[in-house]
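The values are calculated or read from the model by the stated rules, or taken from the named source; none is laboratory data. Since the model is a prediction, treat every value here as computed from it, not as a measurement. Because the Cβ atoms are built from the backbone with ideal geometry, glycine has one as well, and the counts that use them run over all protein chains shown. To get the accessible areas, we keep the full protein, side chains included, count just its heavy atoms, and leave off ligands, DNA and RNA. Shrake-Rupley method; radii C 1.70, N 1.55, O 1.52, S 1.80 Å.
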Amino acid sequence: MKTILAIFSSLNGTQGNSSKLANDYLSKIESDESVQINRVDVASLALPHLTSEEMQAWMTEASERDGSQQALAKISDDIVETVKAADEIVLAVPMYNFGIPSSLKAYFDRIARAGITFKYTETGPVGLLENKSATVFAARGGVYAGSDFDTQTPYLKHFLNFIGISDVKFVYAEGLNMGEEQANKAFADASEKIIELTNDQAH
């Protein structure tokens, strides 16, 4: 059984363009009985910004945590376990003000745990979440891929690599606010890429 963790982050839910891209991909593989898909909408999770109290809870031995610390640590623990259980991470990512949604950043902040998802060594950090892949579906109103304005791609690559996920693929739909013709072409191109990805998996 292959487990896919699909993480959605659009403020527009299933109507968001990034969500539509990811769901197009998922719809092509979820009929396979050997695939299990777990969906998480980080926008609806409404995770707060990370606090020093929450980080302190992580660093306190489980047996020594008080009730408040147990509750705080459980937020991250549950997220990490969900990520650990996945063979593939699917990320539906809109671009908000040149970056990833803050809700997704808050989710990532609960995944990066020293000694759990990465460790520091004499030669630098080493990711501990091995044998996983990630597929990112990025929707943008303008055209940014390959330019200095695209802070998402390097950030997502660096973060996923940092926790041990080095097999990362990107599917872009760009220029979605630049007229109907451009939007239709962007979705058509993305759809072709999605078909390529699913065909590669079938082989």
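Here are the numbers:
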read-out	value
Residue identified as open to solvent by less than 80 Å² (accessible area, probe 1.4 Å) and under 23 Å from Lys84 (Cβ atoms) among Leu156, Leu176	Leu156
Check on Glu53, open to solvent by 90 Å² or more (accessible area, probe 1.4 Å) and over 18 Å from Tyr107 (Cα atoms)	no
Subset tally (residues that are closer than 17 Å to Tyr107 by Cα and assigned to a loop (DSSP other than H, G, I, E, B)) for region 129-155	1
Qualifying residue in region 33-49 (condition: among the charged types (D, E, K, R) and more than 25 Å from Ile194 (Cβ to Cβ))	no
Selection within region 108-124 - in contact with a Gly (Cβ under 8 Å, 6 or more places away or on another chain) and in a loop (DSSP other than H, G, I, E, B)	Thr117
Residue count for region 180-202, restricted to those that are over 19 Å from the mean Cα position of the chain (by Cα) and either open to solvent by 40 Å² or more (accessible area, probe 1.4 Å) or closer than 30 Å to Gly127 by Cβ (or both)	15
Matching entry among Lys74, Lys84, Lys105 (being at pLDDT 95 or above, surrounded by fewer than 20 Cβ atoms within 10 Å (Cβ to Cβ) and within 11 Å of the chain's Cα centre (by Cα))	Lys105
Evaluation of Ile100 against (1) more than 12 Å from the chain's Cα centre (by Cα); (2) under 29 Å from Arg140 (Cα atoms); (3) surrounded by 14 or more Cβ atoms within 10 Å (Cβ to Cβ) (one fails), failing number	(1)
Selection within region 156-171 - assigned to a helix (DSSP H, G or I) and among the charged types (D, E, K, R)	Lys157
Evaluation of Leu176 against (1) over 13 Å from the mean Cα position of the chain (by Cα); (2) assigned to a helix (DSSP H, G or I) (one fails), failing number	(2)
Within region 114-143, considering residues that are open to solvent by 10 Å² or more (accessible area, probe 1.4 Å) and of a type in the set (Phe, Trp, Tyr), the one nearest to Ile4 (Cα to Cα)	Phe118
